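What follows is a short report on a single structure.
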Amino acid sequence: MATATAHEVDNTLFDPAVRPPLVTGEASLGSITEQVASLAERPHPPRAWTIAFAISSSLTVMLFGLIGYLIATGVGVWGNNSPVAWGWPIVNFVFWVGIGHAGTLISAILFLFRQDWRTSINRFAEAMTIFAVTCAGIFPAIHIGRVWFAYWLAPLPNSLAMWPNFRSPLLWDVFAVTAYATVSGMFWYLGMLPDLATLRDRASTRVRKIAYGIASLGWTGSSKQWRLFEMAYLLLAALATPLVLSVHTIVSFDFAVSQVPGWHTTIFPPYFVAGAVFSGFAMVITLMVPAREFFGLKNLVTLRHLENMCKIVLATGMMVGYAYAAEFFIAWYGGNQYEQFAFVNRALGPYAWAYWTMVSCNVLAPQLFWFKAIRTNPWAMVGICVLVNIGMWFERFVITVTSLSRDFLPSSWGYFAPTLVDVLMFVGSFGLFFTLFLLFCRFLPMVAMAEVKSVLPAEEDQNRS
Amino acid sequence: MSTATTTRPAAPAESEVRIGGLLAEFTSADAVVAATRKLRAAGYLKLEVFSPHPIHGIDKVLAAKRPLLPWAALIGAAIGLSGGFWMAWWMNAIDYPFIISGKPMFSFLPSLPVAFELAILLAAFAVFGGTIILSGLPRPANRLFRIPAFARATNDRFFIAIDQTDSAFEANRTRSQLYDAGSAGVESIPILDPKESKLPRGLIMTALALGVTALIPPVLIAKARHTTSETPRLSLIADMDHQPKFKAQTTNPLFADGRSMRPQVAGTIAQGDLREDAALNRGIRSESENSDSAMTDGFPGDTLLASLESEGVPPSIADGDTLQTPDWVTDFPLAVDEKLIRRGKQRYEIFCATCHGIGGDGDGLVTLRALELEQGTWVKPTSLHAEPIRNQPVGQLYNVISNGVRKMPGYASQIPVNDRWAIVSYLKALQKTRTATSEDVPPDVLPNMRELN
Amino acid sequence: MKPASSANLSSEITLKARRERLSGQFNVSFLLRTIVAATLIGVLGIAFSSSDGGRQLGFAWLLNVWFGLSICLGAIFFVAIQHITRSGWSVTVRRVAELIGASVVGPVVLLLPVIIGLLSGHKEIFSWNDPVYVAGDAILEGKEAYLNAPFFSVRALIYSAVWIVAGVWLLRTSRRQDRSADRLLTLKMERRSAPILILLGLTITFASFDWLMSLDPHWFSTIYGVYVFSGAMTAALAVLAIVAAVWVNSERHRELVTPEHLHDITKLLYGFNCFWAYIAFSQYLLIWYANIPEETIWLKHRQTHGWDFVTLILMTGHFFVPFVLLMPRAAKRNPVIVIGVACLLLVMHWLDLYWLIYPQFNESPVLGLTEMIGLMLVISFTALIAVRLGRGENLVPVSDPRLPEALKHHVT
């Protein structure tokens, strides 16, 4: 069983003629099973897990308490008000949905591109997607005010004899996020079936046997099941790819279909998608580095994996920077005084502090990834990626709030400030995310064992012949 | 977990005991692929291979058909796509049309996102559902699970299972062929007692109970939606249902008289209701001797008196009564021009002609119908060309329109002040048509008129 | 640490690849030169006999040069991406892409007449070059610092320099590796690909703003650069797909390009085509939805007086038909279908540029000899350069360290 080594194998240096191994050290089918499954089979969780879980679950309780308070009292407990009617809730929603996109990209898009290095991180990333989308879904659900009428958002017959407005991007969001959560869930679960079966077959207590037994549906690993599994995986990947692109596109439509300066610009769809992947990968790295350190997965999630992820962060960061430049240039070029003002206001107006935070975190910080030394230093990566996530939250904040607080009519201008409820709910959403995530780490297979087994060097040679 | 042995055990003596098949263990993917090839060549067509990860190339060796899952996905996508477009069309353009800022009722572009998402969702459902079902899952009871060695199928070992229904199967021969093919250990697959593989009764009962309980809320909701009730609705969330305010017709302990509806303070008049101009608003001369009457005359009671007076009936209602005939104006309190008269004509034809007739003779459609029906309570309206009416001052005519007379209701609430004067002016013109002669017609108009036979 | 079994295979292939010269290339090059000469005479004839001050010729010139330019730029992009992702499967088709990329010299040179025209005050194509037109127009006056002939030309020079340097360097370095078998060159190309991609992205964006978007100087769209880029990639991949489809069945090249390669290139083509459709849809929907006249006028031009017909053909031919035809797995591996759809996509890409450019020329679509002659000139000129560049050299990077991977490319 591979344990965390003091100095890890650096598989990032390479000879172009040789593909470095995706799993370092001695590894066999059995060792992978043992290494990953044992993490879920520990009778008692490690102390650090318990402490982290205690903190995150308290934050979650706080979140639910605040939601109850919000529903009982009303949306006025937030800072949303004229002219900034969209405040932190929408920003948080876009933030979390964006983070979720990396998981699907790793699972689906990298799969379609035959990037085998994804196999040790995809389970982890997909779990992150599910939990991030859960957190995301909370905010639009509670911000509607009369939450008990939330079913009006769906095309169900209701007492008003009215239907939802299919022409509105807010409704497209409902369908998009629902589809995204459901398809990601199915994709994640389907991928986990073989590994759940592994846990079932190794289960030592009756409770675990029954639980994993039900969850794995009786999977045996027959060639028929694998055949269907592989085809289903390919189809779901092919479906999830346009899905993930379309979901954040539709989220961007929330803003871009309007006429508000700073919002109505045609580049929003690909810009938002690139930004989502950017923040998502940053979050994966932020979670993965401690996890691999702590759970002893360095031979499975190697420096090469981390380096590849850093490169993707850098690439998508450049795309986000490109979009900033295009918007800025066209604002000047277009000659539209409102649009021009919107950009000057962002940089020099009352929210300039948010704008410059955003620029330095999103454009400047990832530039450090040009240097190989930083790309291969896990804790430096975490630092930069945390900055990236901060920057991406601020990007959504800047877009939403600066444009609304100062749009066409100066007499309507106003400064938005969040309330304590806004802030604590956001913090609470991290609590929910980490609670779910810690539960995942404790009880479910963190690494896609079956997939990693099929990319082991010995197995790969067999595949190639 | 049993470990694989490398030596071949002797064939069990109980070869007459029926077994469900044979399970052979292999240590590597290469080994199991080679073995499969060999066994298929030997005539075993029903064997199945088990592995902890997908083995590439095994499908070819097994001559397996490609699953039809892509078609399921396509069908799901087609249903989702068309469903999405249909919803946007029917729900927003047909059933309850949404009129939104110049956008067409139905348009392909904005309907595409929903249709697209639904297409993907339904396709994914089809793929997921199809995979689970076609895999034969969920299958909690599998005789292979009874073999301890099989637990490594999801770990690091590969297996071939040959069912006894395979035409080439024969316990001993197959066993030795499996060892020849490179197996590290062969086990018998037990035949499961059907009773053992059934779901426990307790589980089924619980599931049924839960299912029935889960059905209760929808049934109750359906019942509530399709039946009527005399009791008020239960509001779980009070929202703004019970507001701390007093409604009309209720008692109110805050006031001495206990009423919620408060009367006007004496002497107050609502803004816009002062209507000082008595001539205009009530048709009464405001410079009359009794200046009080300017404010108080012209109200409903006065008309009866006035009409009685004009018909020569002396006031005999009560002795000592100080009711007086109001001093009606005889001149129009506003400028009379063609525009006013035309307005009056239009208003007359809307409000008055139904009973009084187009020509004012009292032969309106309602009157004709009422007489036809011989209701008995209907009084034919006086002809407006009758002598008493012709002699009434304009202020009185105005008053009659406002407050009514005898069976005629007052039209003050329906016709604004100026319009009533317009009607009066038209009335005068109408009356003139019966009394005028050719001398009254302006010389330039006269040639255009012709004799009526 | 080359696997032993593939060593023999790869050395066989490399020997064969060394013999991959463009045989008969003398005939091809002669043919191309004839076409170039003929079309050039045709163009000059049209230029001297035109009655509209060369306006239609100018537009046709712009359209066709951009057609060639976009394909070459897409090819450079393709090569850079293959380097930066360390892909192994594409090695056997990369040299063709490098050749096409380096031929960007052709379209760039053909842009010169337009620049010279602009500098001498030609205002038929770019209305912002007309001082009378600009004077009194507040919006155009605001952009004068950017949209003026000298700055425009300087920018064009910068773009051209970047493109030529990138395209030629990638080809040269790859060829150098043929001779020296230096593995470090692969690393070098990988490292340089990153700045190449960034510069390429920026130059394509601003070039499209300058040359295409400014045709209607009052209109703007932030996604325009991405739109033109996506079309360029689709067209470049279509050309590569045609090459791969021809090679997969040909006796000589069968071992270099297997059905797997064809499948992969077609998958990329399919994906980028969907990306093009997505960008086109986004731009259209957002402008339609907000309904701001300043922006919708551009779309309105393209939906009236016959242009709606062109829009419909574009939607159907550029997206729906290829989407359906190339969806099945078998279709992506069938050379006939791939060639058919790829040719359709090339025509559609030309139509896309036509749709972007020509509504500025005329209220209703015009298509005639002028456009066709220009097209033939550009294609033959660029092809001639590609052929001349490839003359006497390997059609495959014979010493690329990942060549064995490409030759063994096989996925079940």
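Coordinate-derived values only; no laboratory data. What you see is a predicted model, and the numbers here were worked out from it, not measured in a lab. Every residue, glycine among them, receives a Cβ derived from its backbone with ideal geometry; neighbour counts consider all protein chains shown.
Summary table
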quantity: Along principal axes, Cα extents of the range C:298-386, largest first, whole Å; calculated: 43, 34, 18
quantity: Estimated Rh, chain A: Kirkwood, alpha-carbon pairs, angstrom; calculated: 23.5 Å
quantity: Whole-percent pair-distance distribution, where bins are 10 Å wide, for the alpha carbons of the range A:37-146; calculated: 12, 28, 30, 20, 8, 0
quantity: Cα gyration tensor of the range B:42-142 - equivalent ellipsoid semi-axes, whole Å, descending; calculated: 46, 13, 10
quantity: On Cα atoms only, tilt of C:369-390 relative to the major axis of chain C in degrees; calculated: 30 degrees
quantity: Acute angle (nearest 10 degrees) that the helix B:29-41 long axis makes with the longest principal axis of chain B, alpha-carbon atoms; calculated: 80 degrees
quantity: Cα-Cα pairs of the range B:389-453 separated by more than 17 Å (percent); calculated: 53 percent
quantity: Quotient of C-alpha Rg and 2.2 N^0.38 Å, computed over the range C:361-412; calculated: 2.05
quantity: Cα centroid separation - the range A:51-115 against the range C:34-84, whole Å; calculated: 51 Å
quantity: Calculated from backbone phi, Karplus (6.51, -1.76, 1.60) coupling profile of the range B:431-438 in Hz, x at Gly/Pro; calculated: 5, 4, 5, 7, 9, 6, 10, 5
quantity: Mean shadow area of the protein assembly as shown, taken as a quarter of the surface of its Cα convex hull (nm²); calculated: 77.0 nm²
quantity: Nearest 10 degrees, 0 to 90: helix A:47-73 Cα axis against chain A principal axis; calculated: 30 degrees
quantity: Gyration tensor (alpha-carbon) shape descriptor, the range C:282-329, a/c threshold 1.5; calculated: oblate
quantity: Cα centroid separation - the range A:190-248 against the range B:121-145, whole Å; calculated: 10 Å
quantity: Exposure proxy ranking, count of Cβ atoms within 10 Å, fewest first, for C:399, C:29; calculated: C:29, C:399
quantity: Proximal aspartates and glutamates to residue A:372, defined as alpha-carbon separation beneath 18 angstrom and excluding residues fewer than eight positions away on the same chain; calculated: A:8, A:10, A:15, A:307, C:190
quantity: Trypsin sites (Lys or Arg not before Pro) within the range C:372-408, DSSP loop, no more than 16 other Cβ atoms inside 10 Å; calculated: C:391
quantity: Placed amide H near residue B:21: partners under 5 Å, 5+ positions off or other chain; calculated: B:164, B:189
quantity: Cα radius of gyration and Dmax for the range C:174-325 (Å); calculated: 19.8, 60
quantity: Cα gyration tensor category, rounded, prolate or oblate, for the range B:104-229 with a/c compared to 1.5; calculated: oblate
quantity: For chain B, alpha-carbon Rg relative to the globular expectation (2.2 N^0.38 Å, N residues); calculated: 2.22
quantity: Relative packing of C:183-194, A:83-94, A:443-454, B:99-110, which averages over residues the other C-beta atoms within 10 Å, highest first; calculated: A:443-454, A:83-94, C:183-194, B:99-110
quantity: Neighbour cut-off at most 11 other Cβ (10 Å), DSSP loop, trypsin sites (Lys or Arg not before Pro), the range B:210-253; calculated: B:233, B:245, B:247
quantity: D (Stokes-Einstein, µm²/s), Kirkwood Cα radius, the range B:319-413, 0.890 mPa s at 25 °C; calculated: 163 µm²/s
quantity: Integer Hz, Karplus 6.51/-1.76/1.60 couplings in order for the range B:374-383, x for Gly and Pro; calculated: 6, 5, x, 8, 7, 10, 5, x, 4, 5
quantity: The range B:148-227-the range A:258-297 distance, computed between alpha-carbon centres (Å); calculated: 43 Å
quantity: Charge dipole (debye, nearest 20) of the protein assembly as shown; +1 at Cβ of Lys and Arg, -1 at Cβ of Asp and Glu; calculated: 6300 debye
quantity: Stokes-Einstein D (µm²/s) once Rh is taken as the Kirkwood radius of the range B:334-383 over alpha-carbon pairs, at 4 °C in 1.567 mPa s; calculated: 110 µm²/s
quantity: Cα-based Rg of chain C normalised by 2.2 N^0.38 Å, two decimals; calculated: 1.02
quantity: Cross-link pairs B:38/C:332; B:46/C:408; B:345/B:380; B:103/C:300; B:380/B:428 - those with Cα-Cα distance over 24 Å; calculated: B:38/C:332; B:46/C:408
quantity: Shielding by other protein chains, B:55-63, mean Cβ within 10 Å; calculated: 4
